Amino acid sequence: MILFVDDEVKRMSSYKEELEHHYPISFQHRVEGALEFFEQHVEEIQLLILDIMMGHGKIFGRDESAIGRKTGVLFYRLIRQRAPDLPVIIFTNSVEFEEEFRGEANCRYLRKKHYYPGELVEVVRDCLNDSPLIG
């Protein structure tokens, strides 16, 4: 299963729909819902697709997440503590954090504007090494 976390529901709908043709996914648009889902399904999740620029939600305070600008980074760090080997695709338009993620194991940093939905599916396939997903 793929956990896809992004607060831009309408904008990401074509990506979500294309992924659903190939893989079981759960799309979460709030960080608290995503964290709850992750904790309940950690054994089933084989890939995380995560936006960086999201609202702070109830998990992270405004000061901690710079009013949402770093929410994805904080969420990533939290997930890495619980699942250090989980493959992650950072899927964002921000270039601000690209250097920070360079060299992270099992992590790719993709800019949304450079990928169409079908191209994201190809990156997912590569990240999973064409292995079948649970679910």
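The values are calculated or read from the model by the stated rules, or taken from the named source; none is laboratory data. Predicted model, so just to flag it, every value in this text is computed and none were measured. When we count neighbours, we look across all protein chains shown, and the Cβ atoms used for this are built from the backbone with ideal geometry, even at glycine.
Cβ-Cβ distance below 6 Å, separation of 6 or more or different chains: which pairs start in the stretch 1-13 with a residue that is acidic (Asp, Glu) and end on one that is part of a helix (DSSP H, G or I)?
Asp6/Met12
When you scan the stretch 94-122, how many residues do you find that are β-branched (Val, Ile, Thr) and either in contact with a helix residue (DSSP H, G or I) (Cβ under 9 Å, 6 or more places away or on another chain) or at pLDDT 90 or above (or both)?
So the count comes out to 1.
Just checking: which of the helices (runs of 4 or more DSSP H) contained wholly in the stretch 1-93 hold 3 or more residues that are modelled with pLDDT under 90?
Here the list reads 71-82.
Looking only at the stretch 27-36, decide whether some residue is closer than 19 Å to Asn129 by Cα and either among the aromatic types (Phe, Trp, Tyr) or in contact (Cβ under 8 Å) with a residue 12 or more places away in the chain (or both).
The answer is no, given that none of the residues of the stretch 27-36 is closer than 19 Å to Asn129 by Cα and either among the aromatic types (Phe, Trp, Tyr) or in contact (Cβ under 8 Å) with a residue 12 or more places away in the chain (or both).
Are any residues in the stretch 66-106 surrounded by fewer than 18 Cβ atoms within 10 Å (Cβ to Cβ), closer than 22 Å to Glu43 by Cβ and among the aliphatic types (A, V, I, L, M), and if so, which ones?
Leu78, Ala83, Leu86, Ala105
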